[in-house]
Structures are given as C-alpha cells and as structure tokens.
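Working notes for the structure below.
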Amino acid sequence: MKHFDVAVCGGGIAGVAAALAASRRGKKVILVEKQCVPGGLATSGLIYVYLPISDNRDVKIAGGLPEELLKQCQEYGPFTIEEKWSGIPDGDSGAHSNRYCCCFSPAGYGLTLEKMLRESGTEVRLETTVTQAYCNGKKRLKEIELFCGAERENISAECFIDATGGAFLLRMAGEKVFPETNYSTPWFMETNKHSRSAYHLTGDLHIQPIPVPAKDGQMAQVLSADELQEFIRRQYREIRRYYDTMSAKERKVCYPVHLPGMPQLRKIARISAMAEIKAGEAGKFCADSVGVAADWRQTATAWETPYGALVPQTIRGALAAGRCINSSGDAWEVFRVIPAAAMTGEAAGIAAAMAAEQKLDPQDIPIADLQRELRKNGVIIHINDVE
Ligand SMILES: Cc1cc2nc3c(=O)[nH]c(=O)nc-3n(C[C@H](O)[C@H](O)[C@H](O)COP(=O)(O)OP(=O)(O)OC[C@H]3O[C@@H](n4cnc5c(N)ncnc54)[C@H](O)[C@@H]3O)c2cc1C
C-alpha cells in the first residue's frame, strides 16, 4: 500500500492550496479529486469570480496562496487585475469593483491549477473518488479507499485533509457534521446575444446566473441522496424555464453552451471542530489565527481564523479545509468563498506537513510555529498585522 505524508481529499480551491502548501514544503503529497478537472466549484461548478482579498477600505488582507491563486487565475482568460493592485495600466478585473478581486475563465483556471499541482510535485489523481475511510481504535484516520476506472486502491498517510466541500471524508470517518439551508441560483455558460449579464468571458460567451424564487430555490439541507437528486432536478427545471420564456428567434442566438459539472450548493456540511467561528465575530482577535478572511459583502472589515475551526472534534490525524471548516451562520457566508478556501487550505497544508514531520497529531502542533511558517509564505495572520 502506498504511504504519503499528506493525503488531500477533494481538489477544489481549498484542496489545491493545501496540496501546494504541503508539497512545496517537500512533503510526499497525494491529491484526490473525483472530477477530471481540479478547482471544484470554481472550475467544474462555473463559479468564475475570485472574490476580494482586500477589506472594504481597499487594504490587502490576505497574501500567501490566496493572492498567488488570484494572480494565477488570469493566465488563460480575458481578465486582468486592476491597476491599483497589479500596477499594470488598464487592468480590468471584470468584477466591477475597486477591491482586490478578479473574474476568470473556469476552463482556463483548470488548466493553470493542474499545471501548478504538477510543478509542485503533488501526485494528482483526477477522476478518483474517496469511497471509504478507516480509523484505528483511537479514532485516528489511517487509511482511505480510492475508486478510479474499475479499480479500487487503499492508501495510507500521516495526515489527511478533508477538502471535499461537504466534509465527506470526515463524515465517513465518523465525525459529526452540521448541514445548512441551501438556495439555488443556477450559473451556466451561454451565448450572450440575449442577456444583460455583466461579465463576458469573450465577445460571445458569458456565464449567466439566474435567481430562483425562494419557494422553488430553497431546500432545508442537502445531505441525503434523494435531497441531492431533487436539488439537481430543480436546477435543470429552472434553466429550462429561463429559455422557455424566449421566442424561437431569440433562442437562435441565445442558447446554453455548458452546464455546471457539479451541484452548485453553497453550504453542504461543516464539521464539528475544536472551535467554531460564529456570526458577529468580525474583527475578533484569535490567538491561534491562521489567516484573515475578507467579508466579500463589505458589511464588515475582516475575520481572523482560529486554527481550532480546522481541527475535528473527535477524529484524529485529519484536518478540514475550505467550505466545510466549522464556521456557522453568517460566518459561513464569509468563509465559504474562494479566497477564504485558499487561505484555510494553505493553513491546513502547512499544519499537516508539520504534523507529518514531527509525528504529531495536527491538534498538537505548536501554534506559534505554524503561524511563523505561514508568515514566511506571506500569510497575514492577524487583522492588526495588516499594513
Ligand atoms: C451558486 C454559487 C455562487 C458562488 N459565487 C461565488 C463567487 O462569486 N465568488 C466566490 O469566491 N465564491 C463563490 N461561491 C462559493 C465558492 O465557489 C465555493 O464555496 C468555493 O469554491 C469552495 O471551495 P472548496 O475547495 O472548499 O470546495 P469545492 O469547490 O466544493 O471543492 C471540493 C472538491 O472535492 C471533490 N470531492 C467531493 N467529494 C469527493 C470524494 N469523495 N472524493 C474525491 N473528491 C471529492 C469535489 O469534486 C470538489 O472538486 C459560490 C458558490 C455557489 C454554489
């Protein structure tokens, strides 16, 4: 059986950041992603707006991988970062904002992320699903089962990272999770002759988000197989309804080009963890912070991220990253988006690497050492560190 220092489950933005961080530290890392494109919702899910890494006073509040991944998202696409942040004249982020953010081509970003992972030395397994998790008698996660093609394979690791977006790995291992209400706003790619959408990928293509009335779009939770099927069915129904209102002439020039390859759920499940980031905690100092997240809605300045929100309550040998860490209520709105997923991914990647190096459980690594290593990568740890 192959053994790794760090096994990252889920290759969305959080998983990519985690794998890059651990691999660049010289660790033997595997990243397992069930789609054949890395990037998760940002690529397969057609979510093409990298929300800001600046606060609402135009101050940069995240460096490290959130900034690197933001800069890289333009490589194969029409957008550039605004001059204010990039220094490049005529920068057009496509995002109608002075904040440090950018739109991108989902397919283009997939190309870039795959290249970044390969260059980091990560063993990338695409089109591969994590199907089982095995713990020892002390609830320490030791081994997982992968399924690809017609083959099953077990691998082991010193430390695992659940970056699956819905805490699927930790759920399989036995950790408690909490779901949330979801609402549906299908985003899909279409030709643009008909639409008034703000962001165009090229002269002819854009991504169209359509709001759905609450009575059709809201679902209390989406955890069971039936609930998931129903959510997906609703999205198909709404997209068809959108085209059905057009005349035959309009439909000649405005038609769908690409549907999302994964369900566009905002919040699936968060883990039960050593700490919880709660609504109303914007601006709060956390001694064990591993990074700062911007409030993309501009209603508050910034949020510190307690390391404990990444550390499962009962399962050992594992961490969570991305939208399944333990942030609840309004805090989940802040921590579920792309830049925050990159930030918690980087923190989890470095923490897992340190745990593997020191033969410690991730909950026991010295926080001051973790913060020092993250700072070396350009991560801003506390709000007061912002220049
Ligand atoms: C409609 C909508 C609009 C949004 N708008 C924005 C926006 O404008 N800007 C923004 O920044 N954010 C936006 N978001 C949020 C953002 O896109 C995501 O929350 C963020 O990308 C999450 O990243 P992640 O890595 O945590 O999870 P995900 O992107 O969900 O990645 C998890 C990955 O794990 C994989 N996976 C799951 N289970 C397994 C398994 N068993 N084995 C192997 N792989 C597995 C999945 O295939 C997926 O690729 C939006 C979300 C939605 C739904």
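Extents of the chain, largest first, come to 65, 50, 39 Å (Cα atoms, principal axes, whole angstrom). For helix 225-244, what angle does its Cα long axis make with the longest principal axis of the chain, in degrees from 0 to 90 and rounded to 10? The angle comes out at about 20 degrees. Measuring nothing but how far apart in sequence close Cα pairs (under 8 Å, 6+ apart) lie, relative to its length, segment 182-258 scores a relative contact order of 43 percent. Here's the picture: charge each Lys and Arg Cβ at +1 and each Asp and Glu Cβ at -1 in segment 266-326, and of A294, Q313, I271 the one pushed furthest to the positive end of that dipole is I271. Across the options L51, Y100, T128, the greatest Cα extent toward the positive end of the charge dipole of the chain (unit charges at beta carbon of Lys, Arg, Asp, Glu) belongs to T128. Highest mobility in the GNM of the chain, judged by mean-square fluctuation with C-alpha springs under 10 Å and restricted to A275, A17, A321, is found for A275.
Using DSSP to call loops (not H, G, I, E or B), can you name the chymotrypsin sites (Phe, Trp or Tyr not before Pro) in segment 242-306 whose Cβ has at most 13 other Cβ atoms within 10 angstrom? Can you show the working numbers first?
Numbers: sites: Y242, Y243, F285, W296, W303; in loops: F285, W296.
Hits after loop and neighbour filter: F285.
Pairs exceeding 30 Å between alpha-carbon atoms, taken from K267/K376; K139/K278; K2/K34; K139/K267; K84/K267; K115/K267: K267/K376; K84/K267.
How high is the relative contact order of the chain, in percent, counting Cα pairs under 8 Å that sit 6 or more residues apart? Kindly include the intermediate steps, with their values, before the conclusion.
Details: 951 pairs, mean separation 88.6, N = 387.
Rounded, it is 23 percent for the chain.
Here segment 33-101 was treated as a single set of alpha-carbon atoms; its pair distances binned every 5 Å from 0 give 3, 16, 26, 26, 16, 8, 4, 1 percent.
Packing order of peptides 178-189, 356-367, 97-108, 31-42, highest average first: 31-42, 97-108, 178-189, 356-367 (average count of other Cβ atoms within 10 Å over each peptide's residues). Applying a threshold of 32 Å to the alpha-carbon distances of K142/K284; K27/K176; K71/K215 flags K142/K284; K71/K215 as lying beyond it.
Segment 182-258: D in µm²/s via Stokes-Einstein (Kirkwood Rh, Cα pairs, 10 °C, 1.306 mPa s)?
On the way: Rh = 13.5 Å.
Rounded, D is 118 µm²/s.
What whole-number value in Å² describes the accessible area per residue of segment 182-258 for a 1.4 Å probe? If you can, show how the numbers build up before the last one.
Values: 4550 Å² over 77 residues.
That works out to 59 Å² for each residue.
Of all lysines in the structure, those lying under 29 Å Cα to Cα from K249, and not within fewer than 8 positions of it along the same chain, are K193.
The values are calculated or read from the model by the stated rules, or taken from the named source; none is laboratory data. Quantities reported herein were computed from a predicted structural model and do not represent experimental measurements. When we count neighbours, we look across all protein chains shown, and the Cβ atoms used for this are built from the backbone with ideal geometry, even at glycine. Just so you know, the surface numbers come from the protein's heavy atoms only, side chains and all, with ligands and any DNA or RNA stripped out. Shrake-Rupley method; radii C 1.70, N 1.55, O 1.52, S 1.80 Å.
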